[in-house]
Amino acid sequence: MSVGARVRLDGLKLAFGAMPAAEVDLEVSPGEIVVLLGPSGCGKSTILRALAGLLRPAAGRADVDGRPVGASGTGCAMVFQEDALLPWRTASRNVEYALKLRGVPRGERRKEAGDLLAQVGLEGFAGHLPGQLSGGMRQRVQLARTLATRPRVMLMDEPFGALDAQTRSEMQQLLVSVWRQYRTTILFVTHDVDEALLLADRVVLLTPRPARIARTVEIPNPRRPGAQFEPEFARRRYEILASMGEVPQAEPAASSAANGPADTRALTGPSQGPSGTE
Ligand SMILES: Nc1ncnc2c1ncn2[C@@H]1O[C@H](COP(=O)(O)OP(=O)(O)OP(=O)(O)O)[C@@H](O)[C@H]1O
Ligand SMILES: [Mg+2]
């Protein structure tokens, strides 16, 4: 089974011509899930593309287990929001193609593709074309195809962004269960604070363009089932939204019914509750 690689961004600067796009120092441990969270257009996809070796840094370096990204064999696989399946190949043949690239002998590919598809919950759909599958199912095929390459690092760019809430939640759980098995290093980009808190060991908050690290939030005891129903989760969520400027600080009364001070107390009240839940 593959084992995650260490990813290091060392004074990494990315730019489009004279326009700076990102400036990041970050180290990701083998098998860690780091979520990059930041406003639209800040440079998240640009950072992932640089890690995939698709964009050359203006300065600094990015490496995987000490080797510069883009070098062959660093084992980085990119997963996009819009799946990149070949529409004329069945689910199985899409996965088999990745196995072929990995050098798996022809005679073993069909069976291994079937196993991978079963692992992502697509037993019985091996013969379907992408057009005959739902968005969530296509993302499952994409995950199977990515796993077929035995990646050491998965670079995921809002992979579940286009899915409805329930499918998205199923895919998050699937990703966690697959990660538990493979322990791949994952860099995951999202806009969604809940998704970040559910998946990450560490959430890295980025500034508006050019992306710099504004703050890092460590998640103690990450990916615990039911964590989203705990007060600690809500507190962290509020804190992150507030530092992104997406929730108002104590808001003046929304209606004209009551005046300021009482509402302010009501807003700050819940955080005074008993602590020590961990
Ligand atoms: N090929 C390019 N040429 C010039 N500018 C670009 C190019 N690609 C991206 N940019 C600019 O770089 C900035 C960062 O883009 P990027 O796609 O990384 O943002 P993002 O954080 O992924 O946004 P979103 O959340 O909307 O996906 C944006 O201002 C964008 O306009
Ligand atoms: Mg993007």
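When Gly107, Gly41, Gly75, Gly103 are checked against the criterion of being within 16 Å of ligand 2 (Cβ to nearest atom) and within 30 Å of Ser134 (Cα to Cα), a single residue qualifies: Gly41.
Could you tell me how many of the residues in region 137-158 are within 16 Å of ligand 1 (Cβ to nearest atom) and either among the hydrophobic types (A, V, I, L, M, F, W, C) or out of contact with any strand residue (DSSP E or B) (no Cβ under 8 Å at 6 or more places or on another chain) (or both)? Walk me through how you get there before you give the answer.
The initial filter retains those residues of region 137-158 that are within 16 Å of ligand 1 (Cβ to nearest atom), namely 155-158.
Pick out the ones that are also either among the hydrophobic types (A, V, I, L, M, F, W, C) or out of contact with any strand residue (DSSP E or B) (no Cβ under 8 Å at 6 or more places or on another chain) (or both) and you get 155-156.
Of the residues in that region, 2 qualify.
Checked against the criterion of being crowded, with 17+ Cβ neighbours inside 10 Å, within 12 Å of ligand 1 (Cβ to nearest atom) and closer than 20 Å to Arg202 by Cβ, the candidates Ile47, Ile33 yield just one match: Ile47. Checking each residue of region 20-28 against the condition of being away from ligand 1 (no atom under 16 Å from the Cβ) and surrounded by 13 or more Cβ atoms within 10 Å (Cβ to Cβ) gives at least one match. The single residue among Pro20, Pro57, Pro30, Pro68 that is more than 23 Å from Leu241 (Cα to Cα), in contact with a helix residue (DSSP H, G or I) (Cβ under 8 Å, 6 or more places away or on another chain) and of a type outside the set (A, V, I, L, M, F, W, C) turns out to be Pro57.
Which condition does Arg67 not pass, out of (1) out of contact with any His (no Cβ under 9 Å at 6 or more places or on another chain); (2) more than 16 Å from ligand 2 (Cβ to nearest atom); (3) touching a residue at least 12 places away in the same chain (Cβ under 8 Å), if it passes all the others? Just one mismatch for Arg67, condition (3). If only residues of region 202-222 that are within 16 Å of ligand 2 (Cβ to nearest atom) and among the hydrophobic types (A, V, I, L, M, F, W, C) are counted, the one that is nearest to the chain's Cα centre (by Cα) is Val204.
Of all residues assigned to region 1-19, at least one qualifies as being away from ligand 2 (no atom under 16 Å from the Cβ), modelled with pLDDT of 95 or more, small (Gly, Ala, Ser) and at positive phi.
Rundown of residues vs (1) over 20 Å from the mean Cα position of the chain (by Cα); (2) buried (at least 21 other Cβ atoms within 10 Å of the Cβ), yes/no style:
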position	(1), (2)
Leu51	no, yes
Val64	no, yes
Glu82	no, no
Val104	yes, no
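The values are calculated or read from the model by the stated rules, or taken from the named source; none is laboratory data. All of these numbers come straight from a predicted model, not from anything done at the bench. Positions of Cβ are generated from backbone atoms using ideal geometry, with glycine treated the same way; all protein chains shown enter the neighbour counts.
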